[in-house]
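Here's the structure we're looking at; comments come further down.
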Amino acid sequence: MTCAVAQNAGMLGWLPLEQCHQLQDACLCMDPLRQSWPDLVGMEAEQAKLIIELQEPTFTVIVVQASADGDGGVVSADYRDDRVWIWTNEDGTVKRTPMIG
């Protein structure tokens, strides 16, 4: 089942991790200890942002385009446990694992 199928069927919600891994569907997963989202690498950034916001509604999720040399762009250096950075390629896909920071 994909996110779109679940959403269209009105089934978008939280599942226990055991079921989530069986479905391999990131948007239906809920992990209270989650610090990063490696399963979102390669996904369209706005879709990845929506998934994180659905999983963690209190988080601030920020999409940033990585620089041409592969490093990140200029962002705040302070650490916040309620903020997730999503780094993208020029084409808007997630370049590296989104994580809290």
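The values are calculated or read from the model by the stated rules, or taken from the named source; none is laboratory data. The shown structure was predicted, so the numbers you read here are calculated from the model rather than taken from an experiment. Cβ atoms come from the backbone with ideal geometry, glycine included; neighbour counts cover every protein chain shown. Side chains included, ligands, DNA and RNA excluded: accessible areas come from the protein's heavy atoms. Shrake-Rupley method; radii C 1.70, N 1.55, O 1.52, S 1.80 Å.
Results, tabulated for the structure shown:
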{"item": "Failed condition for residue 77, given (1) open to solvent by 60 Å² or more (accessible area, probe 1.4 Å); (2) modelled with pLDDT of 90 or more", "result": "(2)"}
{"item": "Among (1) surrounded by fewer than 20 Cβ atoms within 10 Å (Cβ to Cβ); (2) modelled with pLDDT of 90 or more; (3) on the phi < 0 side of the Ramachandran plot; (4) touching a strand residue (DSSP E or B) at 6+ places or on another chain (Cβ under 9 Å), the one test that residue 87 misses", "result": "(1)"}
